[in-house]
Amino acid sequence: MAQRQPVPTFDAPLDPAAVAALTKRVGLVLVAVALPAAVGAFASMALTAGSLSAATDAAAGAMSGPLTAEEGVSWLFYASVLGTALGCWVLGLGLLLDGLDL
């Protein structure tokens, strides 16, 4: 029979190891959710634009304005790219904290 392994808990609220583990998980989840949405939105823009250069111009145009000005696939592309960038920053913070060995 399989035995239950104790789940590691961290007592200190600002333990660097706990913060690093949490930020790495949150960053990975953000990237895992937002990156496929960004790729799908760009693929949709490429299919509707007709060519890759037109899709690239549409994506650049979507990213150049404010988030509230976009709608439809352009809004999804903008939001998912921002989510991917945020996930990369959070993941990087977790990796930095993990590498500091505090």
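What follows is calculated from the coordinates using simple rules that are stated; it is not laboratory data. None of the values given here were measured: they were computed from a predicted structure. Cβ coordinates were reconstructed from backbone atoms using ideal geometry, including for glycine residues, and neighbour counts include every protein chain displayed.
The table below lists the values:
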| read-out | value |
| --- | --- |
| Computed helical MRE - 222 nm, the chain, DSSP H runs ≥ 4 contributing -39500 (n - 2.57), nearest 500 | -26000 deg cm²/dmol |
| Fully extended contour minus Cα-Cα distance, from ARG4 to VAL33, at 0.36 nm per residue | 7.4 nm |
| Candidate values (1) -0.66, -0.71, -0.88; (2) -0.47, -0.54, -0.87; (3) -0.87, -0.90, -1.02, label of the one derived for log10 I(q)/I(0) by the Debye sum over Cα atoms at q = 0.14, 0.15, 0.19 Å⁻¹ | (1) |
| Choice from ALA69, ALA20, ALA34 showing the highest fluctuation, given a GNM over the chain with Cα pairs closer than 10 Å | ALA69 |
| Candidates THR48, THR23, THR68: whichever shows maximal mean-square fluctuation once the chain is modelled as a Gaussian network with Cα springs under 10 Å | THR68 |
| On Cα atoms only, tilt of 52-64 relative to the major axis of the chain in degrees | 70 |
| Of ALA62, ALA38, ALA54, the one that fluctuates the most in a GNM where the chain has Cα springs shorter than 10 Å | ALA54 |
| Simple label model, 7 Å out from Cα along Cβ direction - ALA49 to ASP98, nm | 3.5 |
| Principal-axis tilt of helix 73-100 within the chain, Cα atoms, nearest 10 degrees | 30 |
| Crossing angle, helix 16-49 versus the chain [Cα axis fit, 0-90 degrees, rounded to tens] | 20 |
| Label point distance in nm, LEU22-LEU67, each placed 7 Å from Cα along Cα→Cβ | 2.2 |
